[in-house]
């Protein structure tokens, strides 16, 4: 018969007033190399076509399929189903409004992203290619890997309790990435956005953002750098 796993999935349809949040369990036959995302597709295609979840690239590049797996925010496409035994509880990312089932409203997350001007601001109009040395690239290379999956944001207890205020670890990581880029001239403006109590100083150095980041970005280290820069101009 082969190995199976029970997927205990959070369900909620806010447009259906008759239903409160509940969990529904599906049994899926596993196979070597199967990811959690593949298991969800098994449910969607063969058991329950009403299940909603986000996905796109399936290669841990787009960040769309972030969700909570047994209490930990992870990418479903990168997580092997073989890591779990018996029952796997799958829930939406915490701290964000739920649209349906495992789909959350990411607009507050991207609003914070837009606040910090997440692009290179040149100093005037360059008349030739702005070349970087390898040591300059090395400073920001880990942070370039950010895929905007929101795992850092939704793993952070401060983000849960200060969602309307705290700009969040993702935006702070992006400030670090662009402010340390030798081709950028917008650093002072970005630092003004994040230097207050709702920016770098709301971080309590819990390290969960760094621990759970699927790209192993040293997020907490970047935030500590920005704290120092906000004090020593």
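Restricting attention to segment 78-92, does a residue exist that is under 15 Å from residue 12 (Cα atoms), assigned to a loop (DSSP other than H, G, I, E, B) and in the same structural domain as residue 30 (by TED's automatic domain parsing)?
Taking every residue of segment 78-92 in turn, at least one turns out to be under 15 Å from residue 12 (Cα atoms), assigned to a loop (DSSP other than H, G, I, E, B) and in the same structural domain as residue 30 (by TED's automatic domain parsing).
When residues of segment 72-121 are filtered for being closer than 23 Å to residue 3 by Cβ and without any contact (Cβ under 8 Å) to a residue 40 or more places away in the chain, how many remain?
The qualifying residues number 1.
If you go through segment 47-58 one residue at a time, do you hit one that is touching a strand residue (DSSP E or B) at 6+ places or on another chain (Cβ under 6 Å), farther than 22 Å from residue 154 by Cα and outside the structural domain of residue 157 (by TED's automatic domain parsing)?
Yes, there is a match, as at least one residue in segment 47-58 is touching a strand residue (DSSP E or B) at 6+ places or on another chain (Cβ under 6 Å), farther than 22 Å from residue 154 by Cα and outside the structural domain of residue 157 (by TED's automatic domain parsing).
Among the residues of segment 156-203, which ones are within 19 Å of the chain's Cα centre (by Cα), loosely packed, with under 15 Cβ neighbours inside 10 Å and assigned to a helix (DSSP H, G or I)?
Selection gives 157, 160, 161.
Of (1) touching a residue at least 24 places away in the same chain (Cβ under 8 Å); (2) in contact with a strand residue (DSSP E or B) (Cβ under 9 Å, 6 or more places away or on another chain); (3) in a loop (DSSP other than H, G, I, E, B), residue 19 satisfies all except one. Which?
Looking at each condition in turn, residue 19 falls short on (1).
Please work out if residue 118 is assigned by TED's automatic domain parsing to the domain that holds residue 184, touching a helix residue (DSSP H, G or I) at 6+ places or on another chain (Cβ under 6 Å), modelled with pLDDT of 95 or more and part of a loop (DSSP other than H, G, I, E, B).
Numbers: assigned by TED's automatic domain parsing to the domain that holds residue 184: yes; touching a helix residue (DSSP H, G or I) at 6+ places or on another chain (Cβ under 6 Å): yes; modelled with pLDDT of 95 or more: yes; part of a loop (DSSP other than H, G, I, E, B): yes.
Against the criterion (assigned by TED's automatic domain parsing to the domain that holds residue 184, touching a helix residue (DSSP H, G or I) at 6+ places or on another chain (Cβ under 6 Å), modelled with pLDDT of 95 or more and part of a loop (DSSP other than H, G, I, E, B)), residue 118 qualifies.
Can you say whether residue 148 is within 22 Å of residue 57 (Cβ to Cβ), surrounded by fewer than 22 Cβ atoms within 10 Å (Cβ to Cβ), modelled with pLDDT of 95 or more and outside the structural domain of residue 73 (by TED's automatic domain parsing), as far as the supplied structure shows?
yes
The values are calculated or read from the model by the stated rules, or taken from the named source; none is laboratory data. Given the structure is predicted, the values throughout are model-derived calculations rather than measurements. Note that each Cβ is placed from the backbone with ideal geometry, even for glycine, and that neighbours are counted across all protein chains shown.
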